[in-house]
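Only one structure is covered here, and it is reproduced in the block below.
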């Protein structure tokens with residue numbers, strides 16, 4: 001029901017992503033696919049990844065922001081798994097109607113992602129690549145969950161975000177299941 005694609009090159013070093021992942025890991029019908037654990041050599045099993053996506057109603061992309069986008073293996077996953085004729089283009093409707101939730105952590109605080117901050121743009125300026133990837137494949141884009149200043153935010157705050165993340169996924173999974181049952 002939920003396919004959570006997790007892409008962190010150094011997951012043991014990320015307190016924020018670990019807390020967020022642990023908050024949702026035991027949700028029923030959730031499949032966590034930790035790309036850097038499964039594919040350390042970047043040799044993605046496209047059929048397996050596509051099968052996981054097909055069985056899901058909700059697709060979650062969770063990762064840290066790397067150079068204003070997804071880490072390299074996640075980008076490679078997009079290139080291989082979201083294939084023409086399967087995810088988009090003629091005959092490419094496998095993901096149409098699925099919900100897409102982006103969960104992202106950043107090293108900078110909110111001020112860093114402002115017109116006057118070190119990144120010179122609001123965070124919303126970096127959303128279109130991920131959003132368009134989802135929408136180009138016919139998925140329904142949901143408001144992202146963003147944790148700024150991930151390495152400095154307190155455990156208490158991270159656990160609160162984790163609880164909200166969990167509630168949101170459970171709620172979305174319930175809504176998706178009701179749509180399947182009641183059509």
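Data for the structure
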item	result
Residue list for region 118-135, restricted to those being over 26 Å from residue 175 (Cα atoms), touching a helix residue (DSSP H, G or I) at 6+ places or on another chain (Cβ under 9 Å) and touching a residue at least 40 places away in the same chain (Cβ under 8 Å)	119, 126
Residue match in region 18-32 (condition: closer than 20 Å to residue 138 by Cβ and in contact with a strand residue (DSSP E or B) (Cβ under 9 Å, 6 or more places away or on another chain))	no
Among the residues listed as 76, 96, the single one being surrounded by fewer than 17 Cβ atoms within 10 Å (Cβ to Cβ) and at negative phi	96
Set 26, 41, 45, 37: member being in contact (Cβ under 8 Å) with a residue 24 or more places away in the chain, surrounded by fewer than 15 Cβ atoms within 10 Å (Cβ to Cβ) and more than 19 Å from residue 106 (Cα to Cα)	37
Residue that is farthest from residue 118 (Cα to Cα) [pool: residues in region 136-161 that are assigned to a helix (DSSP H, G or I) and in contact (Cβ under 8 Å) with a residue 12 or more places away in the chain]	136
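Only the coordinates and a few stated rules stand behind these numbers; no lab work does. Since the model is a prediction, treat every value here as computed from it, not as a measurement. Here the Cβ is made from the backbone with ideal geometry for all residues, glycine too, and neighbour counts use every protein chain on show.
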